[in-house]
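None of the figures in this text is laboratory data; all of them are computed from the coordinates on show. All figures in this text were calculated on a predicted structure; none of them were measured in a lab. Glycine gets a Cβ as well: all are built from the backbone with ideal geometry, and neighbour counts include every protein chain shown.
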Amino acid sequence: MQFWIIQGLNSLSLGGLLFLLSSGFSLIFGLMRLANLTHGAFFMLGTYFGAIAMRDYSGLDLWVTAIGAGIIVAALGGLFERLVLTRLKSNPLGQVLVTLGMAFIISDACLVLWGGDSIPVPTPHYLQAPTRLFGFVFPTYRLVLVGIAVAAAIGLYVLIDRTRLGAMIRAGVDDSQMARAVGIPVSRLFTIVFCLGAGIAGAAGVLGGPILSAYPGLDADMLPLALIVVILGGIGSLFGAFVGSFIIGFIYTFGTVLFPELAYIILFLPMIFVIAFRPQGLFGRLGT
Amino acid sequence: MKWIAIALFAAVALLLPFFAGDFYVNLASQIYIAAIFALSLNLLVGFGGMTSLGHASYLGVAAYVSALMTTRYGLHHGAAALISILGTVAMAAFFGLIALRATGLGFLMITLALSQVLWGLAYRMSNITNGDNGITGITRPEPFGISLESPAAFYWFALITAVIAFVMMTVFVSSSFGSSLKGVRDQPRRMAALGFNPWMVRWITFVYAGFWGAISGLLYVYYNKYIHPTSLSTTSSAEALLGVIAGGSGTLAGPAVGAALVLLLKNYVSAYVERWNMLLGLVFLFIVLVMPEGIVPGLQKLAARLRRRSS
């Protein structure tokens, strides 16, 4: 029983992490029609920033580091969007290729700067003690991580659904030409959304650090998970990303524990199933 | 002009083993392998309008199957090659069913996800694939009793295969089926109205491209006598895609030239620094931003612009 509950919690925390990663991907795709293949690299950049900062300045708080790394990665993402992606507005294929090239550059740069060994991110000391609930022992940090993911989901929902900025983003998603015509600065929205998506990925990288630690190839491990989540949930749908993240979190965690060698096959079975019967994804809309 | 270039290329290709050293002969063999691979990807990207980021799947799986069949199960090369090609084509047929549910960016993301899954499998299923150590001790086949161990012998083998591949793919895109493929790329709805089945046209092309990907994978594993999960990685797919785009996607011979350039660059750079991935990324940015139609048209445009500025 203890096994199932602990693995269930691990699934939830991986799902939460995946949501933080894929929500940004999904937002960017929804507004900009851009499959941002740099997203895994943004996540890894965040993890490395966190790991290095907390190694060199011991006593640095994890939450402060996560916010700081998020801001840095958001700024880098914004620069990339302004300097490179805007030049390729009418060339969606070129945009994808450029994000892929950027992913190669970032992951190789991380290898040059920080070497091939994995660098751990310490769990905050006040979260190291396990939590006892209903007679079971839980790693506290993972519980907190699930809470953060749910809070982020609510925050993003409020931002997209209840604010003026969110209304402008939704208008841009639905019909970017009409949105431009009524005076919404769609081009600036692109930059804002790209920064937001990159920043969430960077912060998620730090928060995932205590579980994953920073190592070369982290980006290549995370990007396919994010892709599968958004293909499963429906590309561009925030709710789809939320549901998809937890489905994949469960499948991947239990797959790895129960059938370690087949975890990757089990991972893509639900994706095939969904694509076969609902190509737009669980919560995607046709024609988007 | 075109015929002179072809005659010149044919002369160099035929005479190369007689005047060049082993290093250059081996380099040329690698170029032919990369060219077959890039040409097969070009069927999808250039003529079909389906940008795949998972083409390394076919090269890698064909190579792995052949390597496993010969080293682990002791099969003869002929039987192993047949199983490997049939298996890879069957996989392409299945992947095509999945990936072609979507078009455009959805197709790209699904092919990328599928190939990443295979890459992960090659790493994790270490009791079969040997994981990060790769599979060693692979031999080269001996077609009709001729040993391919020497660089020159392998060169002829690769050259003949590449010429057959080039002719077969040229016939494919020049045929009436090739015309319908280009029609489906540009005007799928109109083609559907004319009675074509766009999905079927795309799927057949996808499987055919998988077949030539498998052939290049066999040559790849014969040449290297070694296979490692990196041959299934996104980098491997991206190198081929860069070759296609740099050479000019949708042209007949351009991708072969592009693949040759990427391979030469990789060999040249690897001799000095280890930073191939970073350079690959930078070249991607450069090609897409400066020469999106490929190097040859890009250079022509650049030259024209310089001429205009000077006059």
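Here are the numbers for the structure shown:
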read-out	value
Relative contact order of the range A:2-277, pairs being alpha-carbon contacts under 8 Å that are 6 or more residues apart, as %	40
Relative frequency of Cα-Cα separations exceeding 26 Å in the range B:189-311, percent	38
Percentage relative contact order, the range A:90-238, counting C-alpha pairs under 8 Å, at least six apart	32
Burial ordering of B:LYS2, B:LYS301, B:LYS266, fewest other beta-carbon atoms within 10 Å first	B:LYS2, B:LYS301, B:LYS266
Candidates B:VAL171, B:VAL12, B:VAL184, ranked by Gaussian network fluctuation over chain B, Cα under 10 Å, top entry	B:VAL12
Approximate shape of the range B:117-193 as ellipsoid semi-axes (Cα gyration tensor, √5λ), whole Å, largest first	38, 26, 8
The range A:2-277: equivalent-ellipsoid semi-axes (sqrt of 5 x gyration tensor eigenvalues, Cα, Å)	30, 22, 19
Relative contact order (%) - criterion: Cα under 8 Å, at least six apart; region: chain B	31
Partner chain coverage, peptide B:100-112 - average Cβ within 10 angstrom	6
Calculated FRET value between A:ALA129 and B:LEU82, using beta carbons and R₀ = 60 Å, to 0.05	0.50
Cross-link table B:LYS182/B:LYS225; B:LYS182/B:LYS301; A:LYS89/B:LYS182; B:LYS266/B:LYS301, entries beyond 32 Å C-alpha to C-alpha	B:LYS182/B:LYS225
In order through the range A:207-213: 3J(HN,Hα) via Karplus (6.51 cos²θ - 1.76 cosθ + 1.60), integer Hz, x for Gly, Pro	5, x, x, x, 8, 9, 6
Positive dipole terminus of the range B:82-194, leading residue within B:ALA93, B:GLY106, B:PHE157 (C-beta point charges)	B:GLY106
Ellipticity estimate at 222 nm from DSSP helix runs (n ≥ 4, -39,500 (n - 2.57)) divided over the protein assembly as shown, nearest 500	-25000 deg cm²/dmol
Ordering of B:91-101, A:56-66, B:147-157, B:40-50 by packing [mean C-beta count within 10 Å, highest first]	B:40-50, B:91-101, B:147-157, A:56-66
Given charges at Cβ of Lys, Arg, Asp, Glu: chain A dipole, positive-most of A:VAL243, A:ALA66, A:LEU113	A:VAL243
Residues in the range B:2-42 reached by a label modelled at B:TRP156 [backbone nitrogen below 12 Å; 7 Å Cα→Cβ]	B:17-18
Burial ordering of B:THR205, B:THR251, fewest other beta-carbon atoms within 10 Å first	B:THR251, B:THR205
Evaluated at q = 0.10, 0.13, 0.14 Å⁻¹: base-10 log I(q)/I(0), Debye formula over Cα of the range B:24-231	-0.44, -0.72, -0.82
Exposure proxy order (Cβ contacts within 10 Å, fewest to most) of B:THR51, A:THR163	A:THR163, B:THR51
The range B:285-302 - phi-based ³J(HN,Hα) in whole Hz, Karplus 6.51/-1.76/1.60, Gly and Pro as x	4, 4, 4, 5, 7, 9, 10, x, 8, x, 5, 5, x, x, 5, 4, 5, 4
Electrostatic dipole magnitude of the protein assembly as shown [Cβ: Lys, Arg +1; Asp, Glu -1; Cα centre; debye, to 20]	1720
Spin-label model distance (nm) - B:GLU274 vs B:PHE196, 7 Å beyond Cα toward Cβ	4.9
Cα-centred dipole magnitude for the range A:2-277, charges only on beta-carbon of K, R (+1) and D, E (-1), debye, nearest 20	680
Under the Karplus curve 6.51 cos²θ - 1.76 cosθ + 1.60, θ = phi - 60°, whole-Hz ³J(HN,Hα) for the range B:79-91, x wherever Gly or Pro sits	5, 4, 5, 4, 4, 5, 5, 4, x, 5, 5, 4, 5
FRET efficiency for A:VAL112 and A:TRP4, using Cβ-Cβ distance with R0 set to 60 Å, rounded to 0.05	0.90
Residues whose placed amide H lies under 5 Å from that of A:THR131, excluding near-sequence neighbours	A:PHE138, A:THR140
